[in-house]
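Read the structure below first, then the notes.
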Amino acid sequence: MSDTYVLLQYGADAFNARFQDLEGARSFHRASHNPNLIVKLSREAVWSQHHPGTMGPDAAYFYFGALPPFLLVGLRRRYPPTPTAGFIVEGSQSRYFTAQSGRDYKWKITPQRMELADGRSTLAVWELSAPTDEFDARLTIKHAGLAIVTEIMTTLTINRMSESLGW
């Protein structure tokens with residue numbers, strides 16, 4: 001069992017990118033659908049089988065169509081994808097979310113890097129790659145983060161979408 005898991009991001013578009021591990025196995029991918037923009041973030045079943053600590057929902061859906069935008073995680077919870085009072089603290093570069101387990105987490109955001117913490121330790125770090133790398137970014141997830149890996153990917157995605165849309 002590894003202490004950390006590295007996922008390489010291919011594609012700079014916040015609405016359509018894929019992630020694969022260092023062995024080249026696809027782990028997550030996003031797909032956009034039009035005319036009503038629906039973005040599905042899916043965890044790959046083969047990747048999950050190779051990482052037994054993986055838990056949580058297999059997918060999240062972001063809807064930006066005719067109705068007010070919302071986020072659906074695990075086909076159970078519906079959230080507005082725009083920042084809410086519990087998501088942004090005024091004057092802070094951090095973004096907060098509550099996982100389905102009820103625990104609170106914080107993304108610390110800088111221009112080149114995002115770091116996810118649970119108050120005691122860092123669970124994941126997303127960093128833009130160097131211009132010479134063949135991938136666009138690297139996500140390093142600690143073993144404790146596998147239990148909420150889809151929520152990590154979902155909130156990373158919403159943070160990146162938010163940045164690209166100027167929210």
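The values are calculated or read from the model by the stated rules, or taken from the named source; none is laboratory data. Worth saying up front: this structure is predicted, and the values here are computed from it rather than measured. Quick reminder, even Gly has a Cβ in these numbers, built from the backbone with ideal geometry, and neighbours come from all protein chains shown.
Quick look at the numbers
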quantity	calculated
Whichever residue in the stretch 130-156 is of a type in the set (Ser, Thr, Tyr) and in contact (Cβ under 8 Å) with a residue 12 or more places away in the chain and, among such residues, is farthest from HIS51 (Cα to Cα)	THR155
Residue ranges of strands (runs of 3 or more DSSP E) in the stretch 48-153 with at least 1 members at pLDDT 90 or above	104-110, 113-117, 122-128, 137-142
Subset tally (residues that are surrounded by 15 or more Cβ atoms within 10 Å (Cβ to Cβ) and either at pLDDT 90 or above or part of a strand (DSSP E or B) (or both)) for the stretch 11-37	10
Single residue of the stretch 99-149 satisfying the filter (crowded, with 21+ Cβ neighbours inside 10 Å and among the β-branched types (Val, Ile, Thr)) that is nearest to MET161 (Cα to Cα)	VAL149
